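The values are calculated or read from the model by the stated rules, or taken from the named source; none is laboratory data. Bear in mind that the values here come from a model prediction, so they are computed numbers and not experimental data. Neighbour counts run over all protein chains shown; Cβ positions are idealised from the backbone, glycine included.
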């Protein structure tokens, strides 16, 4: 499913259209996605102004002017596209090109912004995505947000924080980094990439990166920097196009072309002077890609 950089790409793509727009009408073409849509969803949000778009981990947050927030998750195949209002057969009426089969258009945001009429359309062929409506002041009580760790892009994530979480832990690094209570939104692809960048084995015990006094070792400092950098690079590149992910303008992301280790099993390691071969192993049901030669 889309990882944090992909969701952030979607947020940035939607923000210029949706922020400060009036949601004239929410059109739902089915009663459910992965879960039932909120009771009286259309009635409760139609007529509101969208005051901002945010993100928590892999969730998109659409903030309304009445203190409510639409929480949206893209699932495996969800995407948004933006259209100008008007006859669909006129190519110039599209703010961004169509990106999906219309039979999978499930939720439509009919918007006005200034003198423009637009539609933001949620399309989801597999219907693994979902939308909930929650009071913004109580977002921390939303079940999926309870206990989430800091964002990998935020200032709360540093080597001292990870040292406190890793101290005396015998779990492999890969599993600890995928734990959403440790770091929110960090997924399988970018964990593999961050471990490769920092030269650390996914099988290494997390506690070995912390001194007896509880301080981060240099390896943990390097890992912290690698996590931040790999996420920043992915966001800058526009996200990956694994599976069905698309950007809001209908184009595929391209960060997958820059993967150094993910999905490169049997290929030569890209680290200069290494000479190793990328291996794959399964950890907790997830594929891990790494180089046994240079990742220790």
Please pick out the residue among 162, 139 that is part of a helix (DSSP H, G or I), out of contact with any helix residue (DSSP H, G or I) (no Cβ under 8 Å at 6 or more places or on another chain) and surrounded by 16 or more Cβ atoms within 10 Å (Cβ to Cβ). 139
Does region 197-205 contain any residue that is assigned to a helix (DSSP H, G or I), touching a residue at least 24 places away in the same chain (Cβ under 8 Å) and surrounded by fewer than 17 Cβ atoms within 10 Å (Cβ to Cβ)? no
Candidate set from region 234-285 (those that are farther than 22 Å from residue 185 by Cβ, at pLDDT below 95 and in contact with a strand residue (DSSP E or B) (Cβ under 9 Å, 6 or more places away or on another chain)); member that is surrounded by the fewest Cβ atoms within 10 Å (Cβ to Cβ): 249
